[in-house]
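Notes for the one structure printed next.
The values are calculated or read from the model by the stated rules, or taken from the named source; none is laboratory data. Just so you know, these numbers come straight off a predicted model, no measurement behind them. Reconstructed Cβ throughout: ideal geometry from the backbone, glycine too, with neighbour counts over all protein chains shown.
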Amino acid sequence: MNIALCLSGGGGTRLGGDIPKQYIRVGGRMVISYSLQVLMRSEWIDAIVVVAAAQWQDEICRELISEEDSFDGTAMVGSREKRLYFADPGENRQLSILSGMEAMEKLIEGEKESTVFIHDAARPLLSEDQISACFEALSGHDGVMPVLPMKDTVYYSEDGKGISSLLQREKIFAGQAPELFLFDRYLAATRALLPDRIMQIKGSGEPAVLAGMDIVMIPGDEGNFKITTAADLERFRSMAES
């Protein structure tokens, strides 16, 4: 079973007054709805778990169904019907992932070779091509991570003030969501960091690397950028409303 985990628990409001960036409306829709609709349509994804604060869950549902319908946990996008579930956010990103995966356990019910496909609600330009590329690369590995090469010269600084050494740019890559992992192995890797070490985790791939999981890299998509700054939001707005 392939379950998408959409992380939407962040509470940052600097881009939209009192509204977290993933719920800002662009082109008449919330930012989160753009990637959710792609996940709903994808043949690779069997179900979706959204990690979101309780006060936003009903509005997320309304983005995916027509106003005259009632929501029973199933959303229809085009010809694709798919179950949509929610989980509460944790104290940090990785605890939110753990919360979502624990909700997934009930859905998987011991199915072997189940996967978790992790994506950020603030990356609205997810494509079906990127989803397919992840799943097609998974065979024989524990996980897949899209990466982008470094375009600029990369330096290492011991104290953050002066340059200590030059790094080999061709060996340095920037990880990018979405990321795909074998469910059981990644859940175990995440739980192994409890209770304290998990608070220092910044990226979804860190638990997998720390656990020695075999993660294969594939080319990322520069167009699938994360909305972090006001400039990012305006860039997406110009694309969505053009």
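Is it the case that W56 is under 24 Å from L182 (Cα atoms) and modelled with pLDDT of 90 or more? Judged against the criteria, W56 is not a match.
Within the stretch 144-181, the set of residues being touching a residue at least 40 places away in the same chain (Cβ under 8 Å) and either assigned to a loop (DSSP other than H, G, I, E, B) or at positive phi (or both) comprises Q176, A177, P178. Scan the stretch 104-130 for residues that are in a loop (DSSP other than H, G, I, E, B) and either within 18 Å of the chain's Cα centre (by Cα) or over 19 Å from E43 (Cβ atoms) (or both) and report the count. Going through the stretch 104-130 one residue at a time, the tally reaches 11. When the test is whether a residue is among the small types (G, A, S), over 26 Å from A240 (Cβ atoms) and touching a residue at least 24 places away in the same chain (Cβ under 8 Å), A122 does not pass it.
Residue count for the stretch 204-242, restricted to those that are in contact with a Gly (Cβ under 9 Å, 6 or more places away or on another chain), surrounded by 15 or more Cβ atoms within 10 Å (Cβ to Cβ) and part of a loop (DSSP other than H, G, I, E, B): 4.
Being in contact with a strand residue (DSSP E or B) (Cβ under 7 Å, 6 or more places away or on another chain) and modelled with pLDDT of 95 or more is a property that does not hold for M199. Considering (1) outside any loop (DSSP other than H, G, I, E, B); (2) within 18 Å of L98 (Cα to Cα); (3) among the hydrophobic types (A, V, I, L, M, F, W, C), the lone condition that L193 does not fulfil carries the number (1).
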